[in-house]
Structures are given as C-alpha cells and as structure tokens.
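Data block below; observations after.
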Ligand code: UDP
Ligand code: MG
C-alpha cells in the first residue's frame, strides 16, 4: 500500500494538538483501505509542552514521528525538516491548528491518484475573521509580487497541500537559505490542482504571526523571487538625470534671455533632500539583496535538530 506522510510544523501548539491528531486520525481511518498514514511533527523550538505532547502521541501510536529543533527556526525551516524526514509516496503539509480542514484530505487523495497531477493545493476564498487591515495588505502583496516576479503566487494560497514524491524531491533540491515556500512550490512547476475553502478559525491557541512579522516575511518573498526592485534603482536614476538635463537647459535659456536674479534657495534645499532620499532608498534596496546574498554564502544549516524519535 502507498504511504501518505503528514508534515506538521508546530510552534507552541500544546493546546491544539489534542484536537488535531484525532481529527486527522479519523480521516486516516476513512482512507484505511487505500493508503497508510504517517505523521511527521516538527517541534519548532516551542516554549510550552508541545514536545511532551508529541512524545506522548509517539508512545501511543507508532505511526507518529517527531523531531525537535534546538530553538525556533520558523515555519519555513520546520516544513523543510518535515519534508526531508517524510518517507511517503505522497506528502501533505498541514498546520496544527485545524485551520486546514482534515476532511479535505480525502478529496485531495482521490484527485492526486486519479488525475494526471502532482499536487493538490488549497486556497482560501474568504479572509473572514481576519483583521481588515491585514487582508488589505495581503491583497496588495499578492498583486505586487505577481507583477514583479515571473513565478506566480496565488492569492490566499495556504501551505496546506498534498504532493507526490517526485514533487517533494524537487522541492528538496531547492537548497536556498531564504526560503519562501509559496514561491518554491510554484517555482518547481508540475501540474497543480487548486481546491478552495472558506477561512476557518484556529481551534485553540493563537496565531504566531504579528502584522510586522508578516510584513517582513512579504519583503523576504519579494527579494527571494524578484530582482525587479534592483532595476527600479536604475530606472529612477535615469529619470532623474533626464529631468536634471531638461532643467539645466531651461535655466541656461532663462539666464541668457532674462539675466540671473539669485533666487530659489528653498527649492534647492528641497531638491537636495529629495534626491538624497531617493539615493538612500535605492542603496537600501541594494542592501536588501546584499544581505540575502551574504546569508546565502555563509551556507549555514537551515535548522538544528536537538532530538528526534528513532526510525529505521
Ligand atoms: N509555526 C511554526 N513556527 C513558527 C510559527 C508558526 O512551526 O515560527 C507553525 C504553527 O505551529 C502552525 C503553522 O506554523 O502549525 C501556522 O501558524 P499560525 O497558525 O500561527 O499562522 P496563521 O494560520 O495565523 O497564518
Ligand atoms: Mg493558523
């Protein structure tokens, strides 16, 4: 029988795991005749008792595997570690908070085994229950990154997806340090089918993403999947040279025709500030890319595993 691995990144999820595991087990029970399940829980340096909960689950059910990071490395690293450890012919990524309806796994599994596709992904059609300001910026982000980058990133796409082994292997080949999974999933290609669902609230605990964390994450996404901001600096520079040239011509002409009354000191200061600001902005963009290159060249591991269960 084929094996289906469920990869679950967990950061301070002690309250949600007791709901999550039985819910997915029920789905595993429904698919019992078609596929075997295994769970790969990644404890991403939780500060609560998540690890103990995971060990209990492992003791109860041999299909449950866990690994635990030495500190919080972020969801991206946790997903990568889980995908690396997963041995399934099919691999699903799910959040621990039941915001990804487990029941959908049935439909996803039927699709991936009966259609010529390598991935069934999900997206939310609504953002109900989310602060409006967050929804607004999220929409702007997707519009922007899809203009700037050749890699298409679907608005509302979740990390909840089911993939075939060959797609997972392709993802594991992408070794970059600054990981933006939504982009990587799309970049590796393969046929993807999209399922939609309404936003679901977390069963317990609270979200780990503050507005600022999301904003910084969105910058990472843009820098990782587009070099357009680099070109922006050159374009602005060129435009300003053009404007300056035209202004010089006008001033020369004016001086020749009407003489030269000394005026315009305040406007001069404004222009100096303005140009200075643009220059700093452009240097800042360069800095962003340079810092990413710097981290990339260090070739640090993406995560450190402190302990994991013994698997053969
Ligand atoms: N998560 C993680 N490491 C982090 C932050 C989050 O492994 O540093 C996990 C978290 O435990 C959950 C999933 O990523 O399983 C999604 O997190 P959350 O529900 O907080 O995000 P949201 O659904 O609000 O986008
Ligand atoms: Mg969530």
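At a glance:
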item	result
On Cα atoms only, tilt of 228-258 relative to the major axis of the chain in degrees	10
Relative contact order, percent, the chain [alpha-carbon distance under 8 Å, six or more residues apart]	22
Residue exposure sequence - 194, 187 - by fewest surrounding Cβ within 10 Å	194, 187
Ranked 305, 222, criterion: other C-beta atoms within 10 Å, fewest first	305, 222
Amide N of region 97-128 lying under 19 Å from the label point, which is placed 7 angstrom from the Cα of residue 208 along Cα→Cβ	97-101
For region 210-244 versus region 180-199, the gap between their alpha-carbon centres in whole angstrom	24
Helix-only CD estimate at 222 nm, as mean residue ellipticity for the chain, using -39500 (n - 2.57) per DSSP H run (n ≥ 4)	-17000 deg cm²/dmol
Shape call, region 84-210: gyration tensor on alpha carbons, a/c limit 1.5	oblate
Taking 100, 169, 36, 95 and counting other C-beta atoms within 10 Å, the order from fewest to most	169, 36, 95, 100
Choice from 274, 211, 219 showing the highest fluctuation, given a GNM over the chain with Cα pairs closer than 10 Å	274
Alpha carbon centroid spacing (whole Å) that separates region 2-72 from region 86-158	20
Relative contact order [Cα under 8 Å, 6+ residues apart], region 161-312, whole percent	38
Among 153, 248, 40, residue whose mean-square fluctuation peaks in a GNM of the chain (springs only between Cα atoms under 10 Å)	248
Percent RCO, i.e. relative contact order, over region 110-185, from Cα pairs under 8 Å lying at least 6 residues apart	40
DSSP beta bridge pairing in the chain, given as percent antiparallel to the nearest 5	30
For the chain, built as a Gaussian network whose Cα springs stay under 10 Å, the top-fluctuating residue of 77, 138, 244	244
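Coordinate-derived values only; no laboratory data. Because the structure is predicted, anything quoted here is derived from the model rather than measured. Cβ coordinates were reconstructed from backbone atoms using ideal geometry, including for glycine residues, and neighbour counts include every protein chain displayed.
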